[in-house]
Amino acid sequence: MTALLETRGVWQRFGGLIANSDVSISVGRGEIVGLIGPNGAGKSTLFNLIAGVLPPTQGSILFDGEDVTRMPAAERCQRGIGRTFQVVKSFETMTVIDNVIVGALVRNTVMREARRKAHEVLEFTGLAARADVLASDLVPAEKRRLEVARALATEPKLLLLDEVLTGLTPTEAQTGVALVRKVRDAGITVLMVEHVMEIVMPLVDRAIVLDLGKVLVEGKPADVVRDPKVISAYLGDRHAVGA
Amino acid sequence: MTAQAIIQSLASGLLMGLLYGLIAVGLALIFGLMDVTNFAHGEFLMLAMYLSFFLFAFFAIDPLLSAPLVAAALFVFGAVIYLLIVRFAMRAKANAGMVQIFTTFGLAIVMRGLAQYFFTPDYRSIPQSWLGGKTISIGGIFLPEPQLVGALVSIAAFAGLYFFIHRTDFGRAIEATREDPGAVALVGIDKNRVFAFGWGLGAALVGLAGAIMAVFFYIYPDVGASFALIAYVTVALGGFGSVFGAFAGGIIVGLVEAVTALVLPPSLKSVGIYAVYLLVVFIRPRGLFGSM
Amino acid sequence: MDKNFATRRRRDLIIAAGLAGIAALAPLFVKDVYVQNILILTLMYAALSQSWNILSGYCGQISLGHALYFGIGAYTTELLFTKFGVLPWFGMLGGGVIAALIAMGLGYPFFRLRGHYFVIATIVIAEIGLLLFQNWEWAGAAMGITIPIRGDSWLKFQFLRTKLPYFYFALGLCCLAWFVTWWLEDSKWGFWWRAVKDNPEAAESLGVVVFNSKMGAAAVSAFLVAIGGAFYAQFLAYIDPESVMGFQFSLLMALPAVLGGIGTLWGPVLGAAILIPMTELTRSYIGGSGRGVDLIVYGTLIVLISLALPQGLVSLFSRSKAKGATR
Amino acid sequence: QTSEVVIGVIYPFSGGSAQQGVDAQKAYETALEVINKNADFDLPLAKGEGLPGLGGAKIRLVFADHQADPQKGRAEAERLITQEKVCAIIGTYQSAVAVTVSQICERYQVPFVSADNSSPSLHRRGLKYYFRAAPHDEMYSAAMFDFFDAMKKKGTKIETLSLFHEDTIFGTDSGNAQTKIAGERGYKIVTDIKYRANSPSLSAEVQQLKTANADVLMPSSYTTDGILLVKTMAELGYKPNAIVAQDAGFSEKALYDAVGDKLEGVISRGTFSLDLAQKRPMVGKINDMFKAKSGKDFNDLTSRQFMGLIILADAINRAKSTDGEKIRDALAATDIPGDQTIMPWKRVKFDEMGQNNDADPVLLQYVGGKFVTIFPPQAAIAEAIWPMK
Amino acid sequence: MLSVREVTTAYQGLVAISAVSIEVQKGEIVCVAGANGAGKSTLLKSIAGAERPRSGTVTFDGKRIDGMAQHHITAAGIAYVPENRRLFPRLSVRDNLRLGSYLYRGEANREEPLDLVFKLFPRLQERLEQRAETLSGGEQQMLAIGRALMTRPRLLMLDEPSQGIMPKLVDEIFQAVKRIRDAGMTVLIVEQRMAECLEIADRAYILQTGRVLMQGAASEIKGNPDVRKAYLGL
Ligand SMILES: Nc1ncnc2c1ncn2[C@@H]1O[C@H](COP(=O)(O)OP(=O)(O)OP(=O)(O)O)[C@@H](O)[C@H]1O
Ligand SMILES: Nc1ncnc2c1ncn2[C@@H]1O[C@H](COP(=O)(O)OP(=O)(O)OP(=O)(O)O)[C@@H](O)[C@H]1O
Ligand SMILES: [Mg+2]
Ligand SMILES: [Mg+2]
């Protein structure tokens, strides 16, 4: 079976700065893939390219067997790419449930259906109790959860999670990890960015490390954390010992 | 049409453009840089013109001499308006923009009403002043002195504002306050002081414009209406956040107006200005030099 | 399912029906034509503002150039009527369709613009429209168009002896605009619009085609406003560019929604109910002095209302519950 | 018997033309004083107090603000008729507002006296209750061309004309009338500039006028644009041979206060002249009454407003009733000889459309800070100075 | 140095922290931990003057600062890095830093702390002309801390500084905090990564639903079995 997502030699330049250079990765169906790498390595930029916020300077992106390189973001969402934003972008004047309904409308044109779906997703993500609160009144951690809920409501095939589990106590993070597993079990492929190794490493099937816009290493999490290049660029010595 | 007539048109257009720039420079600060909508800009101008007029009528102070006085008075006025009204309009969480539009719109109506109440709706003008009616002729091209002085003041005002915004900490504080009024306290800035000062300065610049305008334009409570829209277009055409943009915007507006009047019926000359605005933002959605 | 939500929507509908019913009976008690005139204007501005609210309140594209569509509705109707004998009812529809098409045509370049750039573009385009009509000889230029009086008739939508038909039409238009808003509010479009207003980038990532959403809102909004313009022309029986396309109309369409609560279902109606009578009464009863006192009073009220209730008059109703619960 | 007769007065009291409204208010109050109090003038109703035909009833005026908006004008007319129970309405300065106000008056069968609107189209709409005692723009324009013809006979070169008019009803109507007559009488219009009222700048327009340099410049502008026009002409070094203005701004004190020094010799059409005071002393006395209230001399607008109310009151007096239809009939039967007015008119008598065709316009020239009548010959007290200064 | 007594703060009537008291001594690093929504951020906001406490007192160097305007509190020597950073998005990195030293404008040595900032976060030096909004998440965090240092605080308050920071840098940030303390500042830090935080902290407080649940020396807290279970995930 072909990969669900594939990027082929993708470049992204911002003026003189190269945020992604020749990035070729692929994500198979049903996988949870971790995308890690130093701050400013170009992870969020790659997400933007996959989700269609901007077209890559060079290279192509294939999703579900189709070339989506020039496809607008909205259309990619309809094809099944769901994403969250690292700097959360809630619809601030709308309630939590209404935020999620917007996502649900992609596949449910009947309002009643969309609303039902949205409630379902809120239950699933544990936000049900906050359904009628304005998004602007949520605390940061809740807003990140709302990002996930909204993206899930679009019933994606591929879900891009950009640091949604940050700012949680380890105990809370475990709930988050369980949630991601549940998502995968529901048949959704996950590509996630996360800096907290204790969370990502046990969770992902495979890890891709970006550094300075390039793919540095790729492989099983256990191997990746031992890779000296990864340790020196990203993890630091302490984690080398820890891992 | 002779070459001389065309040159004359362009020269008049350029002078007029600098004058539009002068009227817009205060707006470039308040609206362009501070990002606060001020629908009463025309009425600030009206107030400044009346002040010049009364200083002339009662104390025989020439508008050129009284310009600093008028600017100072407008500074106080602008700061007070900010502290009494605009400050509260900016507190709105959602649709703060609309709240600003309508509070300042209400303010504009009140100012016109007050002007009519106190000054009567009569048309006033300053018949005799140092510059009034004087004109220089260079090879058959006439350059009216009030506009020439206006042009110089305009250039000076823009240069001053540019320096102030880009070279002083206060200028940066103004930009920061615009970006996030709630965050400037984190670096020890009092947002109200900064913005009150910004409003004062913006109004003071309108005061200068009003003093120059009073030399050759008539004065009545609704006089601001003639200039307000052009001032907005000037700032937006140049691009929000750019002092130089507003300056260039003014010159372009003046020249376009002059050229349009050569090719279209003059009653349509502002169509030329508006069309150029639409064209520019169609190609560059942030105006010519805008950063916002 | 969501019982709260469903009951709220039903409650809105019932309240609206009740208000419309009461309004429909108003002429039984209000015989004074001057007051009737105020009622008609109030209903008309409520309808216009409700329509404006669709594009600017819900979808967040602040337009201060809706006078263009108003004028187009008025001019289409009257040009068709006086030049070609087309009944105003068809002219009205035609005007609506033309306005919607123009709104969409303008959407192509305009909807790329953000914030003030967009607002100024709308002001400017309406101003261009005004100037063109002011100079368009065939359409009467500055002289305008006087609608020939042919006696009371529903067919020609013309009534000299009574204002009631105008009243009921305005009421109908107001109900229509309200109902369209009510209906769209809980629809795909309604959600899309609000999403686009709050965060276009996030909306796009959730499958919302931002551009199309704006186009939809612009078309509906312009169509309804043009119907209002056609109505106004028939009601006044005389139009000229300034009196149907002037900037003051653009403001008067926005003002009720802003004062009442922008982007809310009830804001425009509430705002118009306060603002329009206030406008008329201050002018009529203190405007004759010639000293500008009416302007001072009117302007002060606008400043005070928008400062005291930045979220609009509706916040008096909706917030009171939440506040009561917590304080 | 009624002790009070209420008349509605509709003007712009706020907005860009508030000044005209406020001046009009003073003119009407002057007329009111003449009517309601005993005055020794040879004017209808001046002698004795109030309206003898209604048992000495006094007139009361109700002022309403139309803000230059036809809709508001109409609403105010309706309010005045139904709430204030006015028996007639007078107004309105802006012609566009006169259109809707006169329609409402027609509908309620209340006479409307169009005191100062000069658009010719107004009286041609077949309205029964519309009356205008003053000339309209075609009459005014004809007078100007009569004057040109006379000057030409005397050997003055007048061949080319520049028109300069604003883009409102007033400006357009005036421009159209001038174009039409010029064509009929063989004058060449070399530039016809329509400009946007209240423009921030007129330099492009003046540049074109200067290039054309016609024998006569004929502006139709209100005060604001008039001031700007004259200032801009001076700044651009354009000194026209002659200016013959369609009144409006060119009869306003404010304009001469501002730029009078540059206007020595300007000619304006009008329908009033203070010169008349030499022949008819009451004109001077009434002017003094007005001046006491407003600080200004009567001008073309305010004199028409004054006269309008006198004529209306006279008709009500003769109708001996406040019934609209009776007043209308009385107005239709009006026949006041010219010397019982403050105007240089032959008489006041309305045709079937409500227009007084005997209201002769005059041409006035601004000389030495004053207006002198120079045309028609029977009213003239001086020869025209041509070219101006 | 800082003493918070019985502070209660509420949002639109909803109490977020109630009667919280904490002390910070000069030269200490104090860590505040707790679950999501426990009120940690609210506590910092109440000290910084971003929220006005409903009751209770806050004293800094013996002076009462509750009720003072926020910018005055900053000027008094408390720098606060909020959770959402609040950078000036369309201004450059350079301007953001320069605004940090606004209080010292006109002084010759206003740029003094810049050395420390660049030493801690060399990345910022490479990005001086870039708009703050285009920085990566981690870079923004560095800038926020850097800007706060530019105000030359005596007390630095950090709200979850490790959020979104790569592991290598997390350690560096905690080391930086130590260095900042060694440079003479006092630090009050809110963190979820208690393990790392407790390593450098002298004392710690644990908040639960708006109240102080536990307090004590860092080592003590770290050894507490309840804490290990509930907050360290061990
Ligand atoms: N619009 C832009 N203009 C200029 N530079 C940009 C822009 N967007 C991102 N960058 C730069 O590109 C680089 C990659 O940024 P990106 O946000 O992809 O990093 P990241 O890997 O997600 O980092 P983090 O883990 O800190 O979030 C950064 O150095 C950033 O400053
Ligand atoms: N702006 C606000 N409006 C209303 N309620 C708020 C607001 N900010 C916080 N709250 C509420 O106050 C309580 C405490 O919030 P606070 O942000 O202080 O928690 P926290 O401990 O910092 O959580 P986190 O670990 O998620 O940052 C929460 O219940 C939250 O819902
Ligand atoms: Mg990132
Ligand atoms: Mg927090």
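Remarks
- Cα-based shape type of segment B:160-211, given that a ≥ b ≥ c are square roots of the gyration tensor eigenvalues and the cut on a/c is 1.5: prolate
- For C:ASN212 and C:LYS83, a Förster radius of 30 Å and the Cβ-Cβ distance give a FRET efficiency of 0.25, rounded to the nearest 0.05.
- Whichever aspartates and glutamates have a C-alpha closer than 17 Å to that of D:LYS370, once near sequence neighbours (fewer than 8 apart) are set aside: D:ASP247, D:GLU252, D:ASP257, D:ASP261, D:GLU264, D:ASP275, D:ASP288, D:ASP297, D:ASP300, D:GLU383
- Kirkwood Rh, Cα atoms: Rg over Rh of segment D:56-102: 1.00
- Partner chain coverage, peptide D:237-243 - average Cβ within 10 angstrom: 1
- Partner shielding of A:85-94 amounts to 6, given as the average count of beta-carbon atoms from other chains within 10 Å of each residue beta-carbon.
- For A:ASP211, the residues 5 or more places off, or on other chains, whose built amide H falls under 5 Å of its own are A:LEU216.
- Across segment D:116-268, Cα pairs under 8 Å and at least six residues apart give a relative contact order of 21 percent.
- For segment A:113-243, the number of Lys pairs with C-alpha atoms closer than 20 Å, counting only pairs eight or more positions apart or on separate chains, is 7.
- Computed from backbone phi with θ = phi - 60° and the Karplus coefficients 6.51, -1.76 and 1.60, the 3J(HN,Hα) list for segment D:224-232 is 4, 5, x, 4, 5, 4, 5, 4, 5 Hz; x is used for glycine and proline.
- Across segment C:230-247, computed HN-Hα scalar couplings (Karplus, 6.51 cos²θ - 1.76 cosθ + 1.60, θ = phi - 60°) run 4, 4, 4, 4, 5, 5, 8, 6, 7, 9, 9, x, 4, 8, 10, 10, x, 4 Hz from first to last residue, x flagging Gly and Pro.
- Value of [θ]222 nm, deg cm²/dmol, for the protein assembly as shown, DSSP H segments ≥ 4, -39500 (n - 2.57) each, nearest 500: -16500 deg cm²/dmol
- Sorting C:11-19, A:153-161 by their mean Cβ neighbour count within 10 Å, with the most densely packed peptide first, gives A:153-161, C:11-19.
- Within the same chain, lysines fewer than 8 places from B:LYS134 are excluded, and of the rest, those with a Cα less than 17 Å from its Cα are D:LYS231, D:LYS239, D:LYS262.
- For C:THR279, D:THR168, A:THR7, E:THR59, order by how many other beta-carbon atoms lie within 10 Å, fewest first: E:THR59, C:THR279, A:THR7, D:THR168
- Separation between Cα centres of segment B:75-154 and segment A:129-154, rounded to whole Å: 47
- With q set to 0.09, 0.13 Å⁻¹, the log10 of I(q)/I(0) for chain A, from the Debye formula over equal scatterers at the Cα positions, is -0.37, -0.79.
- Principal semi-axes in Å for the protein assembly as shown [√(5λ), Cα gyration tensor, largest first]: 69, 34, 29
- Mean separation of Cα contacts under 8 Å (6+ apart) over length of chain D, as relative contact order %: 17
- For B:LEU143, the residues 5 or more places off, or on other chains, whose built amide H falls under 5 Å of its own are B:ILE136, B:SER137, B:ILE138.
- The protection proxy used here, the mean number of other Cβ atoms lying within 10 Å of each residue, ranks peptides D:156-162, B:172-178 as follows, highest first: B:172-178, D:156-162.
- 3J(HN,Hα) from dihedral phi, segment D:187-193, Karplus parametrisation 6.51/-1.76/1.60, rounded to Hz, x for glycine, proline: 9, 9, 8, 8, 9, 10, 9
- Close amide H pairs (under 5 Å, H built 1.01 Å from N) link E:ASP66 with E:VAL58, residues at least 5 positions away or on another chain.
- Computed with the Debye formula from one identical point scatterer per Cα of segment A:81-155, without solvent, the log10 of I(q)/I(0) at q = 0.14, 0.15 Å⁻¹ comes to -0.34, -0.40.
- For the peptide C:178-187, the mean number of other protein chain Cβ atoms found within 10 angstrom of a residue's Cβ is 1.
- Ranking of D:ASP167, D:ASP40, D:ASP137 by count of other Cβ atoms within 10 Å, fewest first: D:ASP40, D:ASP167, D:ASP137
- Pairs beyond 28 Å (Cα-Cα), from D:LYS47/D:LYS128; B:LYS93/B:LYS191; B:LYS269/C:LYS197; D:LYS154/D:LYS285; D:LYS26/D:LYS72; E:LYS178/E:LYS222: D:LYS47/D:LYS128; B:LYS269/C:LYS197; D:LYS154/D:LYS285
- Computed Kirkwood radius, in angstrom, where 1/r is averaged over Cα pairs of segment C:2-246: 18.9
- The ranking of E:ARG98, E:ARG90 from fewest to most other beta carbons within 10 Å of each one's beta carbon is E:ARG90, E:ARG98.
- Gaussian network model of chain A, springs between alpha carbon atoms under 10 Å - residue of A:THR84, A:THR189, A:THR95 with greatest fluctuation: A:THR95
No lab work stands behind these numbers, since they all come straight from the coordinates. Because the structure is a prediction, the values reported are computed rather than measured. Every residue, glycine as well, gets a Cβ built from its backbone with ideal geometry; the counts of neighbours run over all protein chains shown.
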